[in-house]
Amino acid sequence: MSEDSGKAQEIDLAAASRRSVLMLGAVAASTVVTVRPALAQTAGSVLNCQIPVPTPQSGGSYIAADGSLVAPGTPGAFPPARRPITGQEAKRLLNSGYAPAGMDAEASQAYANYIRRLQQGMSGFTCYASLQMSR
């Protein structure tokens, strides 16, 4: 093997290494471009998710001030929310105590306590858990 063919092989290896690095860079850049919109979409969907208060399975139960479910007509209890609370409303309610539009302030505090009591398998739990993770 001549000295010239050895140098040619080194040049070919160096060019192949540069190509590999460039291809890896292109893959990494496209991954960043793909992941960022997905994260933004996830954050948006968390704010648009809904939490029914109480769950549909609760069959007309009222909400006590501590967030527990009680029978209709229980003194100090609040009727079910007329509509589900959105993730954005729940986040504001849980973090700052702001009542969602059209909801009584005292009732919304009971609703917040109810939301804090949600457990896996209950309607709205996934939304609530997503809010906790996005902090």
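The values are calculated or read from the model by the stated rules, or taken from the named source; none is laboratory data. The structure displayed is predicted, hence computed values, not measured ones. Quick reminder, even Gly has a Cβ in these numbers, built from the backbone with ideal geometry, and neighbours come from all protein chains shown. Note: areas computed on protein heavy atoms with side chains; ligands, DNA, RNA excluded. Shrake-Rupley method; radii C 1.70, N 1.55, O 1.52, S 1.80 Å.
A few points about this structure:
- The single residue among 88, 120 that is under 14 Å from residue 51 (Cα atoms), modelled with pLDDT under 90 and either in contact with a Ser or Thr (Cβ under 6 Å, 6 or more places away or on another chain) or open to solvent by 30 Å² or more (accessible area, probe 1.4 Å) (or both) turns out to be 120.
- Against the test of being modelled with pLDDT of 90 or more and in contact with a helix residue (DSSP H, G or I) (Cβ under 9 Å, 6 or more places away or on another chain), the options 64, 71 yield a single qualifying residue, 64.
- Single condition residue 83 does not satisfy, out of (1) touching a strand residue (DSSP E or B) at 6+ places or on another chain (Cβ under 6 Å); (2) open to solvent by 70 Å² or more (accessible area, probe 1.4 Å); (3) closer than 19 Å to residue 122 by Cβ: (1)
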